[in-house]
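Accompanying notes for the structure given below.
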């Protein structure tokens, strides 16, 4: 899977804006942001032959959105992506965040 493949998956999450990195302006919930946190290239004769990128993806909603979460879970699984999920609720900002951690 590439970052472009991930973008195509996220295009299918109905009613949820998404971007790589962070939105330039304040974004209303729900939204998804995703970004690479590090890269692990493998070289052969000084040429990169394979590159793994660690991705963090955050689904931010007002309340836990099981439909969006299940869609993302299913599509990542269908794509052969193994992921970990973390949950966070911010009572002050009234948002719920699901953080996905995986490698592409």
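Any read-out appearing in this document is the output of simple, stated calculations on the displayed coordinates, not a laboratory observation. The structure presented is a predicted model; accordingly, all values stated were derived computationally and were not measured. As a convention, Cβ positions derive from the backbone with ideal geometry for all residues, glycine included, and neighbour counts pool all protein chains shown.
Values for this structure:
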read-out: Estimated [θ] at 222 nm from DSSP helical runs (n ≥ 4, -39500 (n - 2.57)) normalised by residues in the chain, nearest 500; value: -6500 deg cm²/dmol
read-out: The chain: antiparallel DSSP beta bridges as a percent of all, rounded to 5; value: 90 percent
read-out: Exposure proxy ranking, count of Cβ atoms within 10 Å, fewest first, for 57, 1; value: 1, 57
read-out: Mean projection area, nm², convex hull over Cα of the stretch 24-104; value: 6.8 nm²
